[in-house]
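K.L.:
One structure coming up, written as structure tokens, with questions to follow.
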Amino acid sequence: AQALLAGCFLMSGCKKNDITPIATADVNNKTDLYPSAPAKWFGGSNPYYLPAGFVGDVMPYYANDSFHLFYLHDARNGAAGFHPWNKFTTKNLTEYNYNGVMIPYGSATDYDLALGTGSIVKVGDTYCAYYSGFNPNFNGSGGKYRDNILMATSKDLNNWQKNPSFLMKPETTNGYNYWEFREPYIF
């Protein structure tokens, strides 16, 4: 909060009495993105808890007068796969619509048994999501690495198709760590 206030003073020249404090209870009562958390994985006061998991690594994208808040949905329930990209949308950052799974995780033989963070760009009329694919079953043998960069495309930010022909493997001869090759940021 102090960093936010310092940034506010430096960036816009606002004064202390221009800032309205926001209580955690107000955030919990006025949004459904951070509901009051029952005691679960990280404890009852953790703001990232959702009734069926946690919000992690939010990847915002603004289009069509809305913020599209893609995130890694962490709801490990014993299945081998985890972290599908899910999404909330909001126009005002106080009211949110949950849009469900956007990019699901794959199977034990896919590069994206688990999904990781990424980014979205628009090329023409197509949105391209570049994301991390993670599969702990791959150890580098046969050219299959644990971490890779994958891509999915969409025309509307809601219906995504994985592109099976796109695979960016870690380049291992120039010092890149092929065990930690993830979280692409495309610009």
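The values are calculated or read from the model by the stated rules, or taken from the named source; none is laboratory data. Since we're looking at a predicted model, the values are computed, not measured. Neighbour counts are summed over all protein chains in view; Cβ atoms, including those assigned to glycine, are modelled from backbone coordinates with ideal geometry. To get the accessible areas, we keep the full protein, side chains included, count just its heavy atoms, and leave off ligands, DNA and RNA. Shrake-Rupley method; radii C 1.70, N 1.55, O 1.52, S 1.80 Å.
K.L.:
Return yes when V121 is open to solvent by 10 Å² or more (accessible area, probe 1.4 Å), touching a residue at least 12 places away in the same chain (Cβ under 8 Å), part of a strand (DSSP E or B) and farther than 17 Å from D57 by Cβ and no when it is not.
P.N.:
On the way: open to solvent by 10 Å² or more (accessible area, probe 1.4 Å): yes; touching a residue at least 12 places away in the same chain (Cβ under 8 Å): yes; part of a strand (DSSP E or B): yes; farther than 17 Å from D57 by Cβ: yes.
Against the criterion (open to solvent by 10 Å² or more (accessible area, probe 1.4 Å), touching a residue at least 12 places away in the same chain (Cβ under 8 Å), part of a strand (DSSP E or B) and farther than 17 Å from D57 by Cβ), V121 qualifies.
K.L.:
Here is a further query. Within region 118-145, work out how many residues are modelled with pLDDT of 90 or more and among the basic types (K, R).
P.N.:
1
K.L.:
Residue under question is L157, and the condition is that it be modelled with pLDDT under 95 and at positive phi; does it hold?
P.N.:
Working: modelled with pLDDT under 95: no; at positive phi: yes.
Considered against the rule, which asks whether it is modelled with pLDDT under 95 and at positive phi, L157 comes out as no.
K.L.:
Name, by its number, the condition in (1) part of a strand (DSSP E or B); (2) surrounded by fewer than 17 Cβ atoms within 10 Å (Cβ to Cβ) that does not hold for T94.
P.N.:
So the condition that T94 fails would be (1).
K.L.:
To continue, here is another question. Please work out which residue is nearest to E183 (Cα to Cα), limiting yourself to region 56-74 and to residues that are in contact with a Phe, Trp or Tyr (Cβ under 7 Å, 6 or more places away or on another chain) and open to solvent by 40 Å² or more (accessible area, probe 1.4 Å).
P.N.:
D57
K.L.:
Follow-up. Taking Y145 as the residue in question, decide whether it is closer than 23 Å to G53 by Cβ and not polar (S, T, N, Q).
P.N.:
Working: closer than 23 Å to G53 by Cβ: no; not polar (S, T, N, Q): yes.
Answer is no for this residue.
K.L.:
Also: Do we find that K87 is crowded, with 19+ Cβ neighbours inside 10 Å and either in a strand (DSSP E or B) or more than 16 Å from the chain's Cα centre (by Cα) (or both) in this structure? Step through it out loud before you land on a result.
P.N.:
Details: crowded, with 19+ Cβ neighbours inside 10 Å: yes; either in a strand (DSSP E or B) or more than 16 Å from the chain's Cα centre (by Cα) (or both): yes.
So K87 fits the description; yes.
K.L.:
Does at least one position in region 98-105 carry a residue that is under 13 Å from S132 (Cβ atoms) and open to solvent by 50 Å² or more (accessible area, probe 1.4 Å)?
P.N.:
Step one: list which residues in region 98-105 are under 13 Å from S132 (Cβ atoms), which gives 103, 105.
Keeping just the survivors that are open to solvent by 50 Å² or more (accessible area, probe 1.4 Å) gives 105.
Among the residues of region 98-105, at least one is under 13 Å from S132 (Cβ atoms) and open to solvent by 50 Å² or more (accessible area, probe 1.4 Å), which makes the answer yes.
K.L.:
Does any residue of region 157-168 turn out to be among the aliphatic types (A, V, I, L, M), surrounded by 11 or more Cβ atoms within 10 Å (Cβ to Cβ) and touching a Leu at 6+ places or on another chain (Cβ under 8 Å)?
P.N.:
The initial filter retains those residues of region 157-168 that are among the aliphatic types (A, V, I, L, M), namely 157, 167-168.
Retained after the next criterion (residues that are surrounded by 11 or more Cβ atoms within 10 Å (Cβ to Cβ)): 157, 167-168.
Checking which are touching a Leu at 6+ places or on another chain (Cβ under 8 Å) leaves us with 167-168.
Yes, region 157-168 contains a residue that is among the aliphatic types (A, V, I, L, M), surrounded by 11 or more Cβ atoms within 10 Å (Cβ to Cβ) and touching a Leu at 6+ places or on another chain (Cβ under 8 Å).
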